[in-house]
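The values are calculated or read from the model by the stated rules, or taken from the named source; none is laboratory data. The structure presented is a predicted model; accordingly, all values stated were derived computationally and were not measured. No Cβ is skipped: glycine too gets one built from the backbone with ideal geometry, and neighbour counts run over all protein chains shown. These accessible areas exclude ligands, DNA and RNA; they are computed on the full protein's heavy atoms, side chains included. Shrake-Rupley method; radii C 1.70, N 1.55, O 1.52, S 1.80 Å.
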Amino acid sequence: MTYRIISTWSAPHEHLTEEFEEYYNTVHAPYAARIPGMLKLITQRTSDPFEENPSSFYRVAELWFESREALIAATRTTEWAEMRNDGRYVHEKFGAVLETGLGELVDWELQPGGPIPGEGTPVR
């Protein structure tokens with residue numbers, strides 16, 4: 001089953017936004033792209049609010065691996081260490097804070113207009 005890391009960055013110091021974006025896209029993300037064993041790397045800047053509510057995070061990175069074991073192997077590489085060291089630099093230079101979560105993906109069958117979940121069960 002596919003295993004994924006999701007990392008979110010808080011916004012950089014406001015006066016450093018342009019410099020942060022340039023650095024993130026030309027240095028930090030390319031460090032991540034070098035990690036052996038990774039299946040996919042996706043990054044996103046949360047530039048648009050959802051239903052007029054601004055996001056609590058500024059950037060998202062998804063690192064996809066074949067399994068938890070593949071991720072663990074990747075964390076033991078030089079490329080991983082270089083990315084982590086650069087992440088510390090990003091925090092120190094731009095004030096952005098990183099939060100990370102990881103786990104297995106669950107691929108749900110989509111059911112647009114399908115039955116109402118829990119229909120017939122008591123409401124709590």
Point to revise | Solvent exposure of the chain as accessible area per residue, Å², 1.4 Å probe | key: 72 Å²
Exercise for review: Select from the range 18-124 those GluC sites (Glu not before Pro) which occupy a DSSP coil region and have at most 16 other Cβ atoms within 10 Å, ordered by residue number.
Suggested key: Glu51, Glu52, Glu66, Glu109, Glu119
Review point. Within the range 17-119, which trypsin sites (Lys or Arg not before Pro) sit in a loop by DSSP and count at most 16 neighbouring Cβ atoms inside 10 Å?
Key: Arg34, Arg76
Practice item. Specify the residue with the greatest mean-square fluctuation among Pro112, Pro12, Pro30, computed from a Gaussian network of the chain linking alpha-carbon atoms under 10 Å apart. Key: Pro112
Check your understanding: If you build a Gaussian network model of the chain, linking Cα atoms that sit under 10 Å apart, which residue out of Gly101, Gly87, Gly113 swings the most?
Key -> Gly113
Review point. Which value, in debye to the nearest 20, gives the size of the charge dipole of the chain about its Cα centre, when Lys and Arg are +1 and Asp and Glu are -1 at the Cβ?
Key: 460 debye
**Study point:** Apportionment of accessible area to carbon and sulfur, the chain, percent (1.4 Å)
**Key:** 52 percent
Point to revise | GNM top mover of Leu63, Leu41, Leu105 - the chain, alpha-carbon springs below 10 Å | key: Leu105
Exercise for review: Consider the candidate values (1) 0.97; (2) 0.93; (3) 1.08; state which one is Rg/Rh (Cα atoms, Kirkwood Rh) computed from the structure displayed.
Suggested key: (3)
